[in-house]
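The values are calculated or read from the model by the stated rules, or taken from the named source; none is laboratory data. Just so we're clear, the structure is a prediction, and the values are computed from it rather than from any experiment. Cβ: placed from backbone, ideal geometry, glycine included. Neighbour counts: every protein chain shown.
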Amino acid sequence: MNVLTDNEVRKFLTDNEWHHHIKVDGTDLHYAEPGTICIELKFPETPGKAVYHTWLASRLGVMDNDSQFSGALLWITYSSIGSPGLVQTGWKLVEKMRQGFGENRSLETASGHFFRSDELVDLNAFLLPCFIFGWDAYLVPSHSSDFFVHISHDEYWGVVIRSKEGYIQRLSELKGINPIESPSMRKRFCSSER
C-alpha cells in the first residue's frame, strides 16, 4: 500500500482520467457523462453488516473472482465527524495499520491509500473504519473505468456509474441489500446535472 496526500490523489486521478474518466473538484469526484446513474444503499446498522458492506464495496466488478482485483484507490476525505474521542479512536486505528506499511504521517496529512492487486484484504481493513466511524470516502477500483464508490457521513453509501451496462451489472451485484436509483446522488456526482 502506498499512502498519498490529497494533492497526490488529485494528481493521480487527473493524470489517469483517460482510464477512469473521473473529474476532480477539490475533494469531490464526478463524471461528466450525462448517462451517469447512481445507486444509493442504506448504511450498515451493525458491525457485522459493516463488514459485509465493506466486502461488497471492495469487490464490485470482481465478485466472482478475487484474482480479477487489480488494485484500488481509497481516499478518505472527511474523518473528523462525531465526538473527539470517537474521531481520535478511528484515526489511531487507521494510523496504527498504516505504520505496518512503514507510513508514519497522520491521516490528516495524507488521506489517500493506493492498494496493489495483492492487497484486497488490506483494502477491506482500511475501508471498514469508513463505515464504522461514518467517514466520507471514495473507492476507485483500478480494474474498472465504469464506476466509483462513495461512502457518506450522512449515513448512506452509493455507487456512481458511467453507463447503463455498468448500472445493470452493479445492480445485480448489490441486489441483496436493496439498492435504489438515486436522483439526488446523480445531481451531486454527474457534472451535466449540476
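How many residues does the range 185-194 contain that are part of a helix (DSSP H, G or I) and under 18 Å from the mean Cα position of the chain (by Cα)?
Residues meeting the conditions: 4.
Find the residue count for the range 175-194, including only residues that are of a type in the set (S, T, Y) and crowded, with 18+ Cβ neighbours inside 10 Å.
1
Given the condition of a type outside the set (D, E), farther than 17 Å from W135 by Cα, touching a Ser or Thr at 6+ places or on another chain (Cβ under 8 Å) and touching a residue at least 60 places away in the same chain (Cβ under 8 Å), answer yes or no: does some residue in the range 72-82 qualify? Scanning the range 72-82, I find at least one residue that is of a type outside the set (D, E), farther than 17 Å from W135 by Cα, touching a Ser or Thr at 6+ places or on another chain (Cβ under 8 Å) and touching a residue at least 60 places away in the same chain (Cβ under 8 Å), so the answer is yes. Scanning the range 49-71 for residues that are touching a Phe, Trp or Tyr at 6+ places or on another chain (Cβ under 9 Å) and free of Cβ contacts under 8 Å to residues at least 24 places away in the same chain gives a single hit, K49. When only residues in the range 146-168 that are closer than 21 Å to T36 by Cβ and surrounded by fewer than 18 Cβ atoms within 10 Å (Cβ to Cβ) count, which is nearest to the chain's Cα centre (by Cα)? Only one residue tops the list, namely Y156. Checked against (1) among the polar types (S, T, N, Q); (2) surrounded by fewer than 18 Cβ atoms within 10 Å (Cβ to Cβ); (3) in a loop (DSSP other than H, G, I, E, B), S172 meets all criteria but (3). Consider the range 139-194 and keep the residues that are of a type in the set (S, T, N, Q) and in contact with an Asp or Glu (Cβ under 9 Å, 6 or more places away or on another chain). The one that is nearest to T77 (Cα to Cα) is S152. Just one of the listed residues (V160, V140) is over 24 Å from P47 (Cα atoms), at pLDDT 90 or above and assigned to a strand (DSSP E or B), namely V160. Taken over the range 15-73, the criterion of being assigned to a strand (DSSP E or B) and either touching a Pro at 6+ places or on another chain (Cβ under 6 Å) or within 19 Å of K175 (Cα to Cα) (or both) is satisfied by I37, C38, I39, E40, L41, K42, A72.
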